[in-house]
1. With a 10 Å radius around each residue's Cβ, average the other Cβ atoms per peptide and rank 72-79, 21-28, highest first.
2. Please work out how much length the chain gains when fully extended from residue 22 to residue 156, using 0.36 nm per residue of separation minus the C-alpha to C-alpha distance, in nm with one decimal.
3. Could you list 4, 147 in order of exposure, starting from the residue whose Cβ has the fewest other Cβ atoms within 10 Å?
4. Which order do the peptides 5-15, 125-135 come out in when sorted by mean C-beta neighbours inside 10 angstrom, highest first?
5. Once the mean 1/r over all distinct Cα pairs of the stretch 58-168 is inverted, what Kirkwood radius in angstroms do you read off?
6. Of 76/114; 83/114; 81/154; 77/154; 87/114; 74/154, which ones are farther than 20 Å apart at the Cα?
7. State, as an integer percentage, the relative contact order of the stretch 58-168 based on alpha-carbon contacts under 8 Å between residues 6 or more apart.
Amino acid sequence: MDTMAWTKIVGAGCGSLLVFLLIQWVAEEIYHEHHHDDHEVAYLLEVEEEVVVPSEADEEIPFVQLVAVADISKGKKVFAKCKACHKLGDGENGTGPHLSKIIDRKIASVSGFKYSSSLQSLEGSWTRDELNEFLAKPSDYAPGTAMSFAGLGKLSDRANLVAYLEENTK
């Protein structure tokens, strides 16, 4: 190739680079966050927080009765939050122990699963009421538990989940 061809190739490359830099500069001007005063709001995002306040009716009805009338299909949807760590099949441990026959099973009793010392120190069985308390906020029920789940705030979600577990892990 002669010098003129090389000059055209280098010129085309430089021209393309300049076009791309121009496009970047225009895009930066359009989408750049301009600094606002601390008191000036560019846009306001309204976020609704769900506040769970137990009603008087919820407090009067024993949890066992709520489980008896719970919606198993809604419990299956709630279980979607659990299935990343727990399996329903007997002996199928995941990050957490399997939940097969969980109702009335001794706490921290799945063989082959390494429980945290806080759960190992608990006495009793996973009754419906115990599961209700644990699922509300595991870290309050068993301080130091390895289960990092924040809990289920709604009593109806806990009742639906316990009914689902009871129905699908016999």
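Rule-based calculations on the coordinates, nothing more; no lab input. Note that the coordinates shown come from a computational prediction; the quantities given were computed from them, not determined experimentally. For neighbour counting, all protein chains shown are included, and Cβ atoms are generated from backbone atoms with ideal geometry for every residue, glycine included.
1. 72-79, 21-28
2. Length gained, residue 22 through residue 156: 42.4 nm.
3. Least to most surrounded, the residues fall as 4, 147.
4. Top to bottom by mean Cβ count within 10 Å: 125-135, 5-15.
5. 14.1 Å
6. Too far apart for the 20 Å limit: 76/114.
7. Answer for the stretch 58-168 is 35 percent.
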